[in-house]
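Each value in this text was obtained by applying a stated rule to the coordinates, not by laboratory testing. Predicted model, so just to flag it, every value in this text is computed and none were measured. In this analysis, Cβ positions are derived from the backbone assuming ideal geometry, glycine residues included, and neighbour counts consider all displayed protein chains.
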Protein chains: 2
Amino acid sequence: MAAIETEADFAAWMGVVQARVEAALQRSLPGTQHSPARLHEAMRYATLEGGKRVRPLLTFAAGELAGAEASRLDVVASAVEMIHAYSLVHDDMPCMDNDVLRRGKPTVHVEFDEATALLVGDALQTLAFQLIAERRLADDAALHMEMVRLLAIACGSRGMAGGQAIDLEATGKQLSQAELEHMHVRKTGALISAAVKLGAMCAGPCAPALEQYAHRVGLAFQVVDDVLDAEASTATLGKTAGKDSRQGKPTYVSVMGSVRAKAFAEELRQGAHEALAGFGACALRLRQLADFIVLRKF
Amino acid sequence: MAAIETEADFAAWMGVVQARVEAALQRSLPGTQHSPARLHEAMRYATLEGGKRVRPLLTFAAGELAGAEASRLDVVASAVEMIHAYSLVHDDMPCMDNDVLRRGKPTVHVEFDEATALLVGDALQTLAFQLIAERRLADDAALHMEMVRLLAIACGSRGMAGGQAIDLEATGKQLSQAELEHMHVRKTGALISAAVKLGAMCAGPCAPALEQYAHRVGLAFQVVDDVLDAEASTATLGKTAGKDSRQGKPTYVSVMGSVRAKAFAEELRQGAHEALAGFGACALRLRQLADFIVLRKF
């Protein structure tokens, strides 16, 4: 009974955060009454009503643990989600993954056109930095600037964009587990870590234990993604399933096999819990999110 | 004799700044010894040894006028040039202008591949924000954060990326002069203005007269670009000439005719000089740059 209540309570908390973030994104994205209307329409299409908002949920959970103001978390969560949305738009383009379906809808270059998709990604990245810079997110100005820097490092050539480049080069190759981890820590892990750390930083410097949690959850997220890509259906995922193996991309499933990949994800989930041990009950949402990320759909 | 000396002196100053900026870019761009090597190689290819560095020259001229430290100007000039380089890489891609030649070399997607070009642009944009955030550029922390915000606004959907989107929509259409200005103030003007303002802000808040100068020079730059595209050769430009008219793009030449476009550029040049009147001799470099931008090659 207690478990069921906790689960219902977690679902309700997720719903509240998701609605807050949707409203914050609505406010932050330029409206179609502003020129260029079509670009703004496509930026909204790419960002609004999409996905589970895993990164914003992590931002809020870490921020609530640290005691951050919700209005600051709105800004950080929106910026991180815009970066994520930009990366999806560019990754889906014909010269990258050439995908037509995302979050159950046609991808931006299909619904609009390729040139617009390119500019949507470019402008969403810029807007994320604008948001982070134009609101007061930390009492200490140096910490605020550190947040800008941290987001940039997470997204750049040694973070998310770099992970994507490694992914491109790895297609058709056999990678070791260490090489796969090197890739995914950048491609997915860096932004997920940033989501956690930036949430905490809205209240002050981020505790090292939270960084450890973020690293493990970020990696677990990708391992589970690989398993789902191999095992789930396109309808369940809202994006094209099974494409990693068809494209010859190394994944945790191709490198370790499905059984060991699931065990690895479980190990990372437990490691994430361990990292939170010192926080006691305050870290409930972060624990629940680690479970949610790893236990979704398998 | 005095005029010749001044000209030689200006050329020497440009050479010094260009060499400084090249060195600063060399230092700021990740080396190919870091993974992913191919992405870093392509980022360097796209940015180094290229162009006249008009934006960095403006940053230095404005910064020297305001009394800024040269080491700060190195950072701002590098960031602005990275944003410019990113925009060229993305604009040259097949889904945009589909161009094969830039700064006398094959474009990034030709020399590398399209996916790499996409990621090069993405990562150069991020690196620009990282640079601006990680060095101390203003004594006042609020002014420093304002510099991040200003750069973001200049690049985003209501700045450079927005201007590019308007440009796409305008292809094949007849625009009025006011509509053309609306487009170019965003597409080229916004980043050129930012280059001037950010240079001055390294020493303190930017004087309104400098903003006026920046606006006029930014617009003049585009008018001259349109004239050169119509009249100069590919060899002189180092990029494909005459492509605007072939692509049916409205330009100052197509809207006003070549003679009136040149007269408009001259008017803007004089307006830029007028904006500088209050600064006296200190504004010599900015005056020379206005002349350089407008009087180059016609």
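Assorted remarks:
- Per-copy distances of the residue A:32 label point, shortest first, in nm (7 angstrom along Cα→Cβ): 4.7
- Computed [θ] at 222 nm, helices only, for chain B once each DSSP H run of length n ≥ 4 contributes -39500 (n - 2.57): -22500 deg cm²/dmol
- Take each residue of peptide B:33-42, count the partner chain Cβ atoms within 10 Å of its Cβ, and average: the result is 5.
- Sorted fewest first by neighbouring Cβ atoms within 10 angstrom, B:45, A:252 come out as B:45, A:252.
- At most 14 other Cβ within 10 Å, DSSP loop - trypsin sites (Lys or Arg not before Pro), region A:138-219: A:173
- Cross-linked pairs A:187/B:197; B:52/B:243; A:105/A:187; A:243/B:105; A:249/B:105; B:187/B:262: Cα-Cα separations exceed 25 Å for A:187/B:197; A:243/B:105; A:249/B:105.
- Legend: mean number of C-beta atoms from other chains within 10 angstrom of residue C-beta atoms, peptide B:145-156, equals 6.
- In the calculated pair-distance distribution of the protein assembly as shown, the portion above 47 angstrom amounts to 15 percent of the Cα-Cα pairs.
- The ranking of A:34, A:84 by Cβ neighbour count inside 10 Å, starting from the fewest, reads A:34, A:84.
- Residue order, fewest to most surrounding Cβ atoms within 10 angstrom, among B:92, A:139: A:139, B:92
- Other protein chain C-beta atoms within 10 Å of residue C-beta, averaged over A:111-122: 6.
- Between amide H atoms placed 1.01 Å from N, distances below 5 Å from residue B:104 occur with B:239, all of them 5 or more places distant or on a separate chain.
- Where the Cα pairs of chain B fall when distances are cut into 5 Å bins, in %: 1, 6, 12, 16, 19, 19, 14, 9, 4, 1, 0
- Packing-based order for A:224-232, B:280-288, using average beta carbon neighbours within 10 Å, highest first: A:224-232, B:280-288
- Region B:217-298: equivalent-ellipsoid semi-axes (sqrt of 5 x gyration tensor eigenvalues, Cα, Å): 27, 14, 8
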